[in-house]
Amino acid sequence: MTATYQQRRSPSATTLLVPLLVGGLVVLALGVYGRAHTPTGFAVGVAGFSAALPMKVWLTTGAFVLAIVQVVSALSMWGKLGITIPPAVHRWSGRLAFVLTIPVAFHCLYALGLQYDVPRVLAHSLLGCFFYGVFTAKMLALPKRDTPGWTLPVLGGLAFTALVGLWLTSSFWFFTAVGFKV
Ligand code: HEM
C-alpha cells in the first residue's frame, strides 16, 4: 500500500519560510511606499456615497462583517461549532471581504500614505500593511500539505485581528466621531 502524502512528508515549519518571507516583503513594500511617495489627496466619488470617506467607512464595515462570517465558518470547518457550514461560505466570504478592502486601501495608500502623527492613525496604517502581509502568507501557505497544523488557524486569526483593528481605528472611529453618514 503506498503511503499517503501526509505520512510521507511530516509537517515542518520550514515549509512556512517562503510564505512568511513573501508576506513580510509585502508588509515592508506597502510601508515603504506609504512613506516614500507623496500623498496625492486623490479621491473618487462613488455612486451612493456623499464622499470617499463614508465610502471607505462602509466598505470596511462590509469587510469586517464578512470577516466574522469567516471566523464562524472556520470554526464550523474545524468541527468546533456543532453545526455544518459549507466550506464555500468560508472561501467566498474571505474573497469578498478581501476585494472590499482593495479600493479602500488604494485610497489610503495613494491619497493619504502612511501617517504617524496621531496614535490611532499610526496603529491603523501599520495594521493596514500587516493585514496584506499576513493575508499573502496565508494564501501562499494554503495549498501546502506539509505545513504545521496550527498554520491556517494562526494566520487566519492574525488576518482577522488585523481587520478588526483596522475597522476599530477607522470606521468605528468615524461612526463615533462623525456618525453613521453615507
Ligand atoms: C495598507 C495600508 C494602509 C494605510 C497606510 C492606511 C492609512 C490611512 C490613513 C492615514 C487614513 C486617514 C486617517 C485619518 O486621518 O482619520 C486612513 C483612513 C481610513 N482607512 Fe486606511 N490605511 C491602510 C489600509 C486600510 C485598510 C486595509 C482598510 C480597510 C480594510 C482601511 C480603512 C480606512 C478607512 C475606513 C478610513 C477612513 C476613516 C478614517 O479617516 O479613519 N485602511 N487610512
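The values are calculated or read from the model by the stated rules, or taken from the named source; none is laboratory data. Since the model is a prediction, treat every value here as computed from it, not as a measurement. Cβ coordinates were reconstructed from backbone atoms using ideal geometry, including for glycine residues, and neighbour counts include every protein chain displayed. When the accessible area is computed, the model is the full protein with side chains, heavy atoms only, and any ligands, DNA or RNA have been set aside. Shrake-Rupley method; radii C 1.70, N 1.55, O 1.52, S 1.80 Å.
Points worth noting:
- Top-ranked residue in the range 124-161 [being away from the ligand (no atom under 11 Å from the Cβ) and hydroxyl-bearing (S, T, Y); ranked as farthest from A29 (Cα to Cα)]: T147
- Of all residues in the range 116-128, those satisfying the criterion of being buried (at least 19 other Cβ atoms within 10 Å of the Cβ) and over 20 Å from V22 (Cβ atoms) are H124, S125.
- Cβ-Cβ under 7 Å pairs, at least 6 apart or on other chains, the range 59-87 side open to solvent by less than 30 Å² (accessible area, probe 1.4 Å), far side at pLDDT 90 or above and part of a loop (DSSP other than H, G, I, E, B): S73/I85; S76/T84; S76/I85
- Pair list, Cβ < 7 Å and 6+ apart or interchain, from the range 118-145 residues that are closer than 23 Å to W92 by Cβ and hydroxyl-bearing (S, T, Y) to residues that are open to solvent by 50 Å² or more (accessible area, probe 1.4 Å) and more than 12 Å from the ligand (Cβ to nearest atom): T136/V22
- Residues in the range 129-150 that are closer than 21 Å to L75 by Cβ, open to solvent by 70 Å² or more (accessible area, probe 1.4 Å) and not in a helix (DSSP H, G or I): L142, W150.
- Any hit, the range 65-80, residues being hydrophobic (A, V, I, L, M, F, W, C), part of a helix (DSSP H, G or I) and closer than 20 Å to L25 by Cα: no
- The residue list L53, L59, L75 contains one member that is within 11 Å of the ligand (Cβ to nearest atom), in contact with a Leu (Cβ under 7 Å, 6 or more places away or on another chain) and of a type in the set (A, V, I, L, M, F, W, C), which is L59.
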